[in-house]
Amino acid sequence: MNTTKTINLKNRPKGRPEVTDFDFTTTEIPELKEGELLLKSKYVSVDPYLRGRMSDAPSYIEPFKVDKPIESGIIAEVLESKDSNFSKGDYVSGTLDWKETQVSNAKGLMKVDPDKAPLSAYLGVLGMTGLTAYLGLTEIGKPKKGETLLVSGAAGAVGSVVGQIGKILGLRVVGIAGTDEKVEMLKSEFGFDEGINYNTTKYMKEAIAKACPDGVDVYFDNVGGEISEAVLFNINKFSRTVNCGAISVYNDTELPKSISVQPFLVKKSSSMQGFVIFDFVDKHPAGIKQLTEWLNQDKLTYTETIREGFENIPQAFLDLFDGKNKGKMVVKL
Ligand code: NDP
């Protein structure tokens with residue numbers, strides 16, 4: 001029986017996860033049965049939402065099991081196929097185990113074409129994070145030309161695409177990110193009009209007011225917490241907040257003390273709506289088509305932080321919480 005390197009969840013982390021919460025092990029690769037594929041992982045996506053799956057709190061997606069493999073978005077090569085829809089040499093994208101080699105029943109796998117885009121792009125701008133940016137902004141943010149869009153987590157995979165789509169749709173776009181280098185990148189590479197480094201800004205409420213002199217019409221929120229509280233003081237009448245994520249509180253062990261959002265929303269007839277990308281499954285194909293079109297027309301661009309080596313997957317994930325990525329964080333095997 002052949003074996004493969006595997007990364008299991010060792011413990012449910014308390015607070016910030018550490019490398020010791022992962023278990024590097026070897027597991028058996030079963031014999032291939034009819035309808036199955038033998039896959040070799042090429043690119044592994046690491047994403048903030050995996051933190052939620054490491055805990056056992058009820059959520060929109062099942063928790064990982066202790067002593068079982070972690071899974072995430074993976075691009076893999078088909079080494080052997082017993083499914084007539086796939087051939088040896090095809091590349092597929094799907095939610096797969098953190099294993100170098102694995103057998104899959106092909107459920108939920110989608111073929112991707114390395115001639116149309118670099119393989120890693122199917123985990124980012126042409127994958128889950130690109131769709132999150134596009135559908136979150138258009139379906140919930142309902143942006144209108146001439147409005148002001150504020151994006152937190154702006155230099156990451158989702159945020160950098162949100163801001164660019166805002167520009168394509170004719171909005172004034174301001175981004176919040178964690179370093180001066182990232183703020184500079186937002187403006188020079190992604191066309192944002194203005195940026196704020198939240199790590200060096202003492203008074204966020206005032207800094208947002210200065211960067212958004214006409215107030216905030218759409219707030220695309222990737223981070224939650226104190227940054228998003230400061231935004232509340234700057235929202236406009238009929239503004240919309242897109243609650244995409246809240247990475248600043250994912251590792252909290254106690255319920256945060258936060259200000260009440262209700263008075264702000266009432267005074268400004270403003271709305272807040274959370275979403276998960278699976279809410280819009282029927283719109284995914286059209287979303288990918290639109291993102292591809294913008295990429296081909298050079299209206300949209302993207303950046304990635306690519307780490308190398310199977311053993312570095314957990315550290316790449318942990319580094320998301322220290323902002324060590326620009327754009328999409330992926331691990332190349
Ligand atoms: P990113 O590529 O944005 O990576 C995470 C970034 O978050 C880091 O680079 C860092 O940038 C920032 N960050 C980390 N800690 C903090 C903190 N304490 N305060 C503020 N910023 C912080 O990740 P994604 O683009 O993949 O995801 C962005 C958000 O969108 C996440 O909250 C994620 O959970 C959510 N999401 C939601 C989906 C949905 O369906 N609703 C789908 C996909 C993602 P910096 O240097 O700027 O601090």
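Condition (residue is under 22 Å from ALA121 (Cβ atoms) and part of a helix (DSSP H, G or I)) applied to the stretch 235-244: is it met by at least one residue? No. From the list VAL161, VAL174, VAL151, VAL183, the lone residue that is crowded, with 16+ Cβ neighbours inside 10 Å, part of a strand (DSSP E or B), within 12 Å of the ligand (Cβ to nearest atom) and at pLDDT 95 or above is VAL151. Please go through the stretch 48-69 and give me each residue that is modelled with pLDDT of 95 or more, more than 16 Å from the ligand (Cβ to nearest atom) and in contact with a Lys or Arg (Cβ under 8 Å, 6 or more places away or on another chain), ordered by number. Passing the criteria: VAL66, ASP67, PRO69. Within the bounds of the stretch 279-296, is there any residue that is farther than 28 Å from LEU186 by Cα, in contact with a helix residue (DSSP H, G or I) (Cβ under 9 Å, 6 or more places away or on another chain) and of a type outside the set (S, T, N, Q)? There is at least one residue in the stretch 279-296 that is farther than 28 Å from LEU186 by Cα, in contact with a helix residue (DSSP H, G or I) (Cβ under 9 Å, 6 or more places away or on another chain) and of a type outside the set (S, T, N, Q). Take the stretch 1-55 and flag every residue that is within 21 Å of MET128 (Cβ to Cβ) and in a loop (DSSP other than H, G, I, E, B). The answer is PRO17, VAL46, ASP47, PRO48, TYR49, SER55.
When the residues of the stretch 305-333 are filtered to those that are of a type in the set (D, E, K, R) and within 10 Å of the ligand (Cβ to nearest atom), which remaining residue is surrounded by the most Cβ atoms within 10 Å (Cβ to Cβ)? Per the stated criteria, the residue is LYS328. Taking the listed residues SER41, SER81, the one that is crowded, with 18+ Cβ neighbours inside 10 Å and over 18 Å from ILE313 (Cβ atoms) is SER81, with no other qualifying. Among the residues of this structure, TYR122 counts as one that is of a type in the set (Phe, Trp, Tyr), closer than 30 Å to ASP83 by Cβ and part of a helix (DSSP H, G or I).
Residue count for the stretch 221-234, restricted to those that are within 9 Å of the ligand (Cβ to nearest atom) and either of a type in the set (Val, Ile, Thr) or in a strand (DSSP E or B) (or both): 3. Kindly establish whether PRO58 is in contact with a Phe, Trp or Tyr (Cβ under 6 Å, 6 or more places away or on another chain) and not β-branched (Val, Ile, Thr). So PRO58 does not fit the description; no. Report whether or not VAL216 is under 30 Å from ASP319 (Cβ atoms), touching a residue at least 40 places away in the same chain (Cβ under 8 Å), surrounded by 16 or more Cβ atoms within 10 Å (Cβ to Cβ) and more than 16 Å from the ligand (Cβ to nearest atom). Yes; evaluated as a whole, the condition is true for this residue.
Just to be sure, is ASP282 more than 10 Å from the ligand (Cβ to nearest atom), of a type in the set (D, E, K, R) and touching an Asp or Glu at 6+ places or on another chain (Cβ under 8 Å)?
In short, no.
Residue check: is LYS142 touching a residue at least 40 places away in the same chain (Cβ under 8 Å), more than 12 Å from the ligand (Cβ to nearest atom) and either on the phi > 0 side of the Ramachandran plot or within 12 Å of the chain's Cα centre (by Cα) (or both)? When the stated conditions are applied, LYS142 passes them. Just one of the listed residues (VAL92, VAL78) is part of a strand (DSSP E or B), at pLDDT 95 or above and farther than 20 Å from MET128 by Cβ, namely VAL78.
The values are calculated or read from the model by the stated rules, or taken from the named source; none is laboratory data. All values derive from a computational prediction rather than experimental measurement. Quick reminder, even Gly has a Cβ in these numbers, built from the backbone with ideal geometry, and neighbours come from all protein chains shown.
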